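> What follows is a structure written as structure tokens; I'll ask about it next.
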Amino acid sequence: MSRSLPSFVRPPPKIAPLSRAGRWRVSAALILLALALVVQVVLADRERLAADAGWRPWMEQGCALLGCSLPAWREPTAFAVLSREIQPHPSNPQALLVTATFRNDALWPQAWPVLELALTDLDGSHIGLRRFQPAEYLGGTPGRDALAPGQSATVALEILDPGNRAVAFEFDFH
């Protein structure tokens with residue numbers, strides 16, 4: 001009487017090798033899957049990659065092709081103050097009127113920055129500091145989302161007069 005062997009003892013069945021056309025199809029499918037994975041990773045990380053000057057042009061071309069969007073370029077150090085002035089407010093004796101003009105010197109359009117105004121005393125210590133959102137220093141929602149390269153903007157800020165202690169002021173962008 002012959003006994004059949006249990007399946008875990010039997011040798012595995014012979015698998016026929018893939019033909020040349022079969023190997024080509026498997027290779028093509030693996031390459032397509034790898035490319036799809038790379039595209040997914042790049043799209044998922046597009047905000048960080050778009051913030052890098054080396055990747056930005058590639059990301060813009062890719063998003064134009066795929067129909068995705070990129071956040072506006074952010075390089076606060078590329079904003080340059082062209083002029084600035086502080087004077088007593090013409091209609092409120094307890095206030096000051098601060099005006100400034102700044103320009104976007106970046107290579108790409110940038111989102112409107114948060115504008116920081118710091119008042120300092122004789123020792124250079126801050127006695128007042130405030131950050132203004134674009135809607136505050138522009139007097140409403142900006143008409144466009146970004147400032148083009150080389151484009152400038154003029155702002156006017158009304159602040160409370162800190163008195164004689166304030167001898168200097170400076171702007172910073174965030």
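What follows draws every value from the coordinates through simple rules; no lab data is involved. Remember, it's a predicted structure, so these values are computed and weren't measured experimentally. Neighbour counts run over all protein chains shown; Cβ positions are idealised from the backbone, glycine included.
> Taking the dipole about the Cα centre of the chain, with the C-beta of Lys and Arg at +1 and of Asp and Glu at -1, give me whichever of Ala106, Ala21, Leu119 is farthest to the positive side.
Towards the positive end, the residue furthest out is Ala21.
> Sort Glu75, Glu85 so that the residue with the fewest other Cβ atoms within 10 Å of its own Cβ comes first and the one with the most comes last.
Lowest to highest Cβ neighbour count: Glu85, Glu75.
> Here is a further query. Hey, what angle do you get for helix 20-44 against the long axis of the chain, alpha-carbon based, 0 to 90 degrees rounded to 10?
For helix 20-44, the angle is close to 20 degrees.
> If you don't mind, there's one more thing I want to ask. Return the long-range amide H neighbours of Gly128 (sequence gap of 5 or more, or a different chain), with a cut-off of under 5 Å between placed amide H atoms.
Leu119
> Something else about it: Let's see if you can work this out: charge +1 on each Lys and Arg Cβ, -1 on each Asp and Glu Cβ, no other charges. What is the dipole magnitude of the chain about its Cα centre, in debye to the nearest 20?
Roughly 2080 debye for the chain.
> Kindly express, to the nearest 10 degrees and within the range 0 to 90, the angle between helix 56-66's C-alpha long axis and the longest C-alpha principal axis of the chain.
For 56-66 against the chain, the angle is about 60 degrees.
> While we're on this one: Hey, got the dipole for the stretch 20-66? About the Cα centre, +1 on K and R Cβ, -1 on D and E Cβ, debye to the nearest 20?
400
> Identify the residues of the stretch 137-174 with backbone N under 13 Å of a label point that sits 7 angstrom from the Cα of Leu82 along the Cα-to-Cβ direction, or state none.
Within reach of a label on Leu82: 148-155.
> Another question about this same structure. Find out how many positive minus negative residues lie around Ala80, taking Lys and Arg as positive, Asp and Glu as negative, among other residues whose Cβ is under 14 Å from that of Ala80.
-2
> Now, a different point. Quick one: net charge around Met59, please, counting Lys, Arg +1 and Asp, Glu -1 for every other residue with C-beta under 11 Å from its C-beta.
Local net charge: -1.
> Of the chain, which part is the longest with no trypsin sites (Lys or Arg not before Pro) in a loop (DSSP not H, G, I, E, B) and with at most 13 other C-beta atoms within 10 angstrom?
Value returned for the longest uninterrupted segment is 15-143.
> Pairs of Cα atoms under 8 Å, at least six residues apart: use those to get the relative contact order of the chain, whole percent.
Relative contact order of the chain: 20 percent.
> Right, here's the next one. Provide Rg and Dmax in Å for the stretch 73-174, with only Cα atoms included in the calculation.
Cα radius of gyration and Dmax of the stretch 73-174 are 14.1, 42 Å respectively.
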